[in-house]
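Notes follow once the structure below has been shown.
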Amino acid sequence: MRFCRLFRQVQHVGARSLVIGLLSYANSSLVAGISTSCANNARKRTSQYSTVDTEKYSSLVQSVVSSRTSSQTPASLEEEDGHIYGPVVKSKPATERSAPKAPKNPVPLLNHAKILDLTSEADSGPPTRIPLQRGPGKSSAPSVTRILQQTMSPEQAFYLERWRKMMIAQLGEEGFKEYSLNLFRQGKQFHMALEAIFMSEEVPATDTEPSELVAGYIESVQHVLEDISGVRAIESAVQHQSLNYLGMVDCVAQYRGKLCVIDWKTSEKPKPFLHNTYDNPLQVAAYIGALNSDEHYDYQVESGLIVVAYKDGSPAHPHFMTSDLCLEYWTKWLIRLEDFMERK
């Protein structure tokens with residue numbers, strides 16, 4: 001009640017008296033009112049808030065005690081916030097940020113010693129199949145998969161590890177191992193089923209149809225297979241001569257008239273956009289560069305295709321990579337490759 005009477009009284013006084021009175025009242029239970037000229041006080045006390053710059057807050061006080069709409073403008077509000085909270089710290093403009101990293105050795109994606117074959121028909125004969133040479137006396141060049149795994153960003157590594165721990169919490173250590181093994185088996189059988197389709201001149205017979213384990217994946221990619229022709233390589237090793245890395249391409253074929261390195265992927269969740277495939281575009285770009293450099297192939301490629309198939313048979317998502325997009329990811333691959341070599 002005492003504060004209500006005080007509030008009604010302050011509507012008739014100036015903002016300066018109000019600020020001093022409120023601050024003095026809150027910090028001294030001995031103050032009987034807000035009057036600064038009480039004759040009954042035996043000794044006048046000096047408030048510790050007497051040095052407050054009340055002019056700075058006068059507009060704020062007036063807006064509190066007035067029932068009218070505030071007349072402050074956005075500019076005055078910004079100025080007032082500056083008095084109370086300090087100046088606004090703005091981020092640096094884009095022009096002042098660090099420039100994108102560039103590879104130290106910008107090896108070209110295309111091999112100028114080879115002819116870029118843009119024909120839609122493959123040479124006569126079966127598709128190329130070069131086995132991956134490993135072991136004593138064989139190539140010791142690192143694989144594309146290994147390089148990407150060891151150079152992933154801390155953010156990627158964090159989410160991958162969090163997913164692994166979540167799966168172990170649900171399945172247990174042994175259950176997670178079995179789950180991972182099943183994924184590997186499904187992927188391998190899916191590739192074998194596709195290989196049987198491409199190597200056959202006709203639709204495979206009933207006894208050679210894909211197993212139930214991968215039947216959904218094959219159904220998923222049916223609409224993509226209709227656009228593929230002129231297969232030139234299947235499950236074939238490629239190695240970059242100067243950069244010294246290798247990999248295994250799933251398929252090299254025409255997709256809607258464009259010769260592509262094709263990478264088949266399986267997924268338990270939809271991946272409708274290219275960025276949903278994470279490092280797969282870098283993998284395809286690395287395979288294209290290696291194939292173009294490899295003397296075992298008398299042609300070169302400038303486009304890529306990532307096909308994400310689903311076990312439930314829902315239509316696969318084909319992600320076509322144009323020549324410009326492949327060049328972009330080739331640059332990123334070169335940076336990852338240099339990072340890998342520096343860590344060795």
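The values are calculated or read from the model by the stated rules, or taken from the named source; none is laboratory data. All of these numbers come straight from a predicted model, not from anything done at the bench. Note: ideal-geometry Cβ built from the backbone for every residue, glycine included; neighbour counts use all protein chains shown. Just the protein is used for accessible areas: all its heavy atoms, side chains included, with ligands, DNA and RNA removed. Shrake-Rupley method; radii C 1.70, N 1.55, O 1.52, S 1.80 Å.
Between the amide H of LYS311 and those of SER267, distances stay under 5 Å, these residues lying 5 or more places away or on another chain, with hydrogens modeled in the peptide plane.
Close amide H pairs (under 5 Å, H built 1.01 Å from N) link THR128 with ALA233, ILE234, residues at least 5 positions away or on another chain. When the alpha-carbon atoms of region 185-344 are used, the pair Rg, Dmax equals 15.9, 52 angstrom.
Karplus-based coupling profile of region 214-220, in residue order and whole Hz: 10, 4, x, 5, 5, 4, 5, with θ = phi - 60° in 6.51 cos²θ - 1.76 cosθ + 1.60 and x standing for Gly or Pro. The H on the amide N of VAL301, modeled in the peptide plane, is under 5 Å from the matching H of ASN292, each at least 5 residues off or on a different chain.
Spin-label pair LEU181-ALA215: with each label point 7 Å from Cα along the Cα-Cβ axis, the two points sit 2.5 nm from one another. Counting only protein heavy atoms and using a 1.4 Å probe, the accessible area of MET166 comes to about 90 Å².
In sequence order, region 162-173 has phi-based couplings of 5, 5, 4, 5, 5, 5, 5, 5, 7, 9, x, 4 Hz under the Karplus curve 6.51 cos²θ - 1.76 cosθ + 1.60, θ = phi - 60°, and Gly or Pro positions carry x. Ordered by solvent-accessible area of protein heavy atoms (1.4 Å probe), largest first, the residues ARG343, ARG232 come out as ARG343, ARG232.
Loop-located GluC sites (Glu not before Pro) in region 280-344 (DSSP state not H, G, I, E or B) with no more than 10 neighbouring Cβ atoms inside 10 Å: GLU295. Computed over protein heavy atoms with a 1.4 angstrom probe, the accessible surface ordering of HIS317, HIS240, HIS275, largest first, is HIS275, HIS317, HIS240.
Counting only protein chain heavy atoms and rolling a 1.4 Å probe, the accessible areas of TYR287, TYR278, TYR179 rank, largest first, as TYR278, TYR179, TYR287.
Note on PHE158: accessible area is roughly 110 Å² with a 1.4 Å probe, heavy atoms of protein only. Here the 3J(HN,Hα) profile of region 307-322, calculated from phi with Karplus coefficients 6.51, -1.76 and 1.60 at θ = phi - 60°, is 10, 9, 9, 10, 5, 7, x, 5, x, 5, 9, x, 10, 7, 10, 5 Hz, Gly and Pro shown as x. By a 1.4 Å probe calculation restricted to protein chains, CYS251 has an accessible surface near 0 Å², given to the nearest 10.
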